[in-house]
1. Can you list the residues, at least 5 places off or on another chain, whose amide H is less than 5 Å from the amide H of residue 101, using H built in the peptide plane?
2. Given a Förster distance of 35 Å, report the FRET efficiency between residue 88 and residue 55 from their Cβ-Cβ distance, rounded to the nearest 0.05.
3. To one decimal place, what orientation-averaged projected area in nm² is obtained for the convex hull of the Cα set of region 53-103?
4. Just to be sure I follow: if Rg is taken over the C-alpha atoms of region 30-133 and Rh is the Kirkwood radius over the same atoms, what is Rg/Rh?
5. Taking 7 Å along the Cα-to-C-beta vector as the label spot, tell me the residue 66-residue 121 distance in nanometres, rounded to one decimal.
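Nothing in this text is a laboratory measurement; each read-out follows from the coordinates by a stated rule. This structure is a prediction, so every number in the text was calculated from the model and none was measured. Ideal geometry is used to build each Cβ from the backbone, glycine not excepted, and the neighbour counts take in all protein chains shown.
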Amino acid sequence: MKKTFANRSLSLLAGFFLFGILLLTASRAEAQTYNWKTPLDAQQSLLQAMTVQRTNMASLPAGPALDNATAHFYYYQSISEKLNEGMFVEKASQVSLEIFRDPSSKGTDNFGPVDLGVYLTKADKNSLFLDAINGKIVVN
């Protein structure tokens, strides 16, 4: 009886130990929270950023740098339009990423977003989003 009780206790202790290790080592994906600007403040920052991008677009030769400036301009413009429609800053910044087609759709006629001539991968969209939140639509 004592031997059975000791085996069960040891087994129970090992189970708690493993459960504790799983809890401590499990990685959880948590959403990043930002301190979003008010729509009015975001509008002002976006207007300034669009002016900079428009100037860049006028002075850059065709190539990746021009594509980058164009993507930024269209993205900021879309956010601004969504804010004018009454959307919150966070939602507007996410929804506005959907204006860009994936590079795999280049040259195809699909029923996705309007072809802006700029094609972005998911990584490119994430980079664009991070550029926008750094000082334009999020309080530093």
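1. 116, 120
2. Working: r = 29 Å, r/R0 = 0.83.
Efficiency computed from Cβ-Cβ geometry: 0.75.
3. On the way: hull surface 15.5 nm².
In nm², the orientation-averaged hull projection of region 53-103 is 3.9.
4. Numbers: Rg = 13.9 Å, Rh = 14.4 Å.
Looking at region 30-133, the ratio lands at 0.97.
5. 2.3
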